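The structure appears right after this line, and notes come after that.
The values are calculated or read from the model by the stated rules, or taken from the named source; none is laboratory data. Nothing here was measured: the structure is a model prediction, and the numbers come from that model. Note that we place each Cβ from the backbone using ideal geometry, even for glycine, and neighbour counts take in every protein chain shown. Accessible surface areas use protein heavy atoms only, side chains included; no ligands, DNA or RNA. Shrake-Rupley method; radii C 1.70, N 1.55, O 1.52, S 1.80 Å.
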Amino acid sequence: MKYSIPKFWRRKEGYYQIILTKCRECGKVAFFTYVRCPYCGSSNVELVKSCGRGVVEEFTISYNRVEEGEEYLPKIIAIVRLNEGVRVVGELVDIDLSEVKEGVEVEAVLRRFSSDDPHGLIYYGLKFAPVIKGA
Amino acid sequence: MFRVLCVPRPESLTGIVGWGVYIPRQRVKADEIASLWGFEKTLPKALWIEEKAVASVDEDTVTMGWYAAKVAIERGNVDPELIGAVFVGTESKPYAVKPSATIIADALGISKKKLSTDMEFACRAGGEGIRLAIALVASGTIKYGLAIGSDTAQASPGDVLELTASSGAAAYLIGPAEESVAQFEGVVTYVTDTPDFWRREGSKYPTHGEIFTGEPAYFHHIMSAVKMLFDELGLAPSDFDYAVFHQPNGKFPLQVGKKLGFPKEKILPGIVTPWIGNTYNGSALIGLAKVLEQAKPGDRILVATFGSGAGSDAFSIVVRDGIGERVGRGPKVEDLLKRKKYVSYAQYAKSRRLYIRNIG
């Protein structure tokens, strides 16, 4: 799959880190970045980095074949409730389907999500993996 | 010439503030590889290799180095904006031209005002990264430096190297000695032009000199570096509580330690290769992490890296107060050794792209 290189470059902070919008008025947190709080409408907001940890709430498995992305299949796609309280969608890795269940503690990990093989860019971004015991 | 003995060695101004390790979850049994390619059944045991870690299809030097560095920064509890250098030692760069270090640094939110480069010296570039970080911190050029050793080691299918070549990473955050939990006491490096192992431009897999990789390469360079360190510091094996050597297999570190006069009881705590394989630039550095996670304040650790081509860095490190608390700030090597899922050779081949697909 060919991505727009400038578009990826402009958005890379959002691929590399989970950025949240925190409202200084109502105190609520939202994913992704907003200039106004989506809850109270205040413009008194700040962008904060998520700690990257949360729990699995829902999940499904995808066999959707994308050109040149076959080697990444199948994928487990989950809704993760972050410790900050917001829900995000992401791919689950390092876990078998039989092990996935609601409440599994996960953390964001940097992984390849695509690459323009054999000569193009490699695209990195965050996925979720079970928290390594002891962490 | 008179040697001025009262001047402290510059490396003693620095120490390890944080460290982190990453070992992929997948493992393939060495017996399966040996059986598939018709090696003698006794070979894995002779090399002391039981299984090796296999990076997933979405993992590479960047992703593993990122995780190890993330844990190192968290252990050190250091603001990433204060890190002034990022060095990635690897011989498996995802890009031949485009630094891995900048991807890792940006993804971790590290300051843009920094030195940042990928380094290549076979398996010891990570060790050289630590030496550079020590020099920069000791000179006052930077406050903290991050040195990463990360590899998805290549081995031609059917080569004896395939029994051990594996994937993993370690990262060390180097900073002022007073903030560290392990202080550098002395560091030396010994390098020569020795053709024991190489990979030509455009070659997918490395070539090696079979048994030539032993005596004139691994053993000569590690022993020379360690003896130089002993001479400079006036120390002997009996002064050390632990000895960690580069681990191309489980057998070599025990042999080189014995030649240097270390009992195996001081070497075994840092051994990891029999259960994860040779992680190349991660090898000795993961072993050091395992030792740090069981050491006590006052313990003295010898670490000797090795990289083909060839060279070795020897470090003397003294553990300081606070080590126990810092160990608990992240996953330990033992946790990562226990986290595993066995895969078949076919799954390993898919994960490491040992096949040819019609794409592009």
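Charged neighbours of A:Val55, selected by a Cβ distance under 13 Å, balance to -2 (K, R count +1; D, E count -1).
Shielding by partners for peptide B:103-109, expressed as the average number of C-beta atoms from other protein chains within 10 Å of each residue's C-beta, is 4. Taking amide hydrogens as placed 1.01 Å from N in the peptide plane, the amide H of B:Gly261 sits under 5 Å from that of no residue at least 5 positions away in sequence or on another chain. The label point for A:Lys2 and the one for B:Glu74, both projected 7 Å from the Cα toward the Cβ, are 3.9 nm apart. Computed from Cα atoms, the angle from the helix B:61-76 axis to the main principal axis of chain B rounds to 30 degrees. Net charge of the neighbourhood of B:Pro206, taken over other residues with C-beta under 10 Å away and scored Lys/Arg +1, Asp/Glu -1, is +1. Any idea which of B:Phe315, B:Pro157, A:Thr60 is furthest toward the positive side of the dipole for the protein assembly as shown, if Lys and Arg beta-carbons carry +1 and Asp and Glu beta-carbons -1? It is A:Thr60. Less than 5 angstrom separates the built amide H of B:Ile83 from those of B:Ser111, all sequence-distant by 5 or more or on a different chain. Centre-to-centre, using Cα atoms only, the range A:1-52 and the range B:270-329 are separated by 39 Å. Modelled this way, with points 7 Å down the Cα-to-C-beta line, the labels at A:Lys133 and A:Phe32 are 3.7 nm from one another.
How about the range A:12-56: which of its residues lose at least 20 Å² of accessible area in the presence of all protein chains relative to their chain isolated, using a 1.4 Å probe? By number: A:Lys12, A:Tyr16, A:Gln17. Relative contact order for the range B:286-360: 28 percent, from Cα pairs under 8 Å spaced at least 6 residues apart, divided by residue count. The range B:228-248 and the range B:95-169 have Cα centres spaced 24 Å apart. A cysteine counts as unpartnered when no other cysteine's C-beta lies under 4.7 Å of its own; in chain A this applies to A:Cys51. How far is helix B:125-138 tilted, in degrees, relative to the longest principal axis of the Cα atoms in chain B, given as a value from 0 to 90 rounded to the nearest 10? So the helix axis and the longest Cα principal axis differ by about 20 degrees. Computed extension gain for A:Glu102 through A:Val48, at 0.36 nm per residue and net of the alpha carbon distance, reaches 16.8 nm. Of the residues B:Ser100, B:Thr305, A:Pro130, the one whose Cα sits farthest toward the positive end of the charge dipole of the protein assembly as shown, with +1 on the Cβ of Lys and Arg and -1 on the Cβ of Asp and Glu, is A:Pro130. Charged side chains reduced to their Cβ positions (Lys and Arg at +1, Asp and Glu at -1) give the protein assembly as shown a dipole of some 760 debye around its Cα centre.
Ratio of Rg to Rh for the protein assembly as shown: 0.98 [Cα atoms; Kirkwood radius as inverse mean 1/r over pairs]. Taking the Cα centre of the range B:1-155 as reference, the dipole from Cβ charges on Lys and Arg (+1) and Asp and Glu (-1) amounts to some 500 debye. The angle between the Cα long axis of helix A:5-16 and the longest principal axis of the Cα atoms of chain A comes to about 70 degrees, rounded to the nearest 10. Each residue of the range A:45-57 is assigned a 3J(HN,Hα), and the resulting list reads 10, 9, 8, 10, 8, 6, 6, x, 10, x, 10, 6, 10 Hz, derived from the Karplus form 6.51 cos²θ - 1.76 cosθ + 1.60 (θ = phi - 60°), x at Gly and Pro.
Here the protein assembly as shown carries DSSP beta bridges of which approximately 80% are antiparallel, counting only pairs with both residues inside.
When all protein chains stay in place and ligands, DNA and RNA are ignored, the 1.4 Å accessible-area order of B:His208, B:His246, B:His220, largest first, is B:His220, B:His208, B:His246.
Spin-label model, B:Arg200/B:Lys112: points 7 Å from Cα along the beta carbon direction are separated by 4.2 nm.
³J(HN,Hα) across the range B:187-203 via Karplus (A = 6.51, B = -1.76, C = 1.60, θ = phi - 60°), whole Hz, x for Gly/Pro? Result, rounded to whole Hz: 9, 9, 9, 10, 9, 9, 8, 10, x, 9, 6, 7, 9, 6, 3, x, 6.
The mean number of Cβ atoms from other chains found within 10 Å of a Cβ in peptide B:314-325 is 0, as a whole number.
Buried surface between chains A and B: roughly 2700 Å² of accessible area, summed over both sides, computed with a 1.4 Å probe on protein heavy atoms only. Which of the trypsin sites (Lys or Arg not before Pro) across the range A:1-99 are loop residues per DSSP, with 10 or fewer other Cβ within 10 Å? Answer in residue order: A:Lys2, A:Arg65.
Counting Lys and Arg as +1 and Asp and Glu as -1, what is the net charge of the other residues whose Cβ lies under 14 Å from the Cβ of B:Ala225? Every neighbour counted, the sum reads 0.
Just tell me how shielded B:53-59 is by partners: mean number of partner chain Cβ atoms within 10 Å of each residue's Cβ, no decimals. It would help to have the intermediate numbers written out before the result.
Details: counts 0, 0, 0, 6, 6, 16, 6.
What the average comes to for B:53-59 is 5.
In the protein assembly as shown, the portion of solvent-accessible area held by carbon and sulfur atoms comes to 54 percent [1.4 Å probe, whole percent, DNA, RNA and ligands not counted]. Note on chain B: GNM, Cα springs under 10 Å; of B:Pro263, B:Pro253, B:Pro44, the largest mean-square fluctuation is that of B:Pro263. How many percent of Cα pairs in the range A:5-130 exceed 24 Å? The proportion of pairs with Cα distances above 24 Å equals 37 percent.
Multiplying the residue separation of A:Asn83 and A:Asp117 by 0.36 nm and subtracting their alpha-carbon distance yields 8.6 nm. Scanning chain B for chymotrypsin sites (Phe, Trp or Tyr not before Pro) lying in DSSP loops with no more than 15 further Cβ atoms inside 10 Å, the longest uninterrupted stretch between such sites is B:96-354.
In the protein assembly as shown, helices alone account for a calculated mean residue ellipticity at 222 nm of -7000 deg cm²/dmol, with every DSSP H run of four or more residues adding -39,500 (n - 2.57). For the pair B:Thr42 and B:Gln294 in one chain, pulling the backbone fully straight at 0.36 nm per residue adds 87.5 nm over the alpha carbon distance. Our note on the geometry: Cα centres of the range A:68-121 and the range B:1-78, 25 Å apart.
Overall, chain A carries a charge dipole of about 660 debye about its Cα centre when +1 sits on the Cβ of Lys and Arg and -1 on the Cβ of Asp and Glu, all other atoms neutral. Taking 18 Å as the cut-off, the amide N atoms of the range A:87-117 that come nearer than this to a point 7 Å along the Cα-to-beta-carbon line of A:Asn64 belong to A:88-93, A:113-115.
Within a straight-line Cα-Cα reach of under 19 Å, A:Lys75 can be paired with the following lysines, leaving aside sequence neighbours fewer than 8 residues apart in one chain: A:Lys101, A:Lys127, B:Lys341, B:Lys350. Here the range B:271-312 is scanned for amide nitrogen atoms under 14 Å from the site 7 Å beyond the Cα of B:Met228 along Cα-to-Cβ, giving B:304-307, B:310-312. Residues whose amide H comes within less than 5 Å of that of B:Arg329, counting only those at least five positions distant or on another chain, are absent (H built at 1.01 Å from N in the peptide plane). Solvent exposure of chain B, expressed per residue, is 38 Å² of accessible area, with all protein chains present and a 1.4 angstrom probe.
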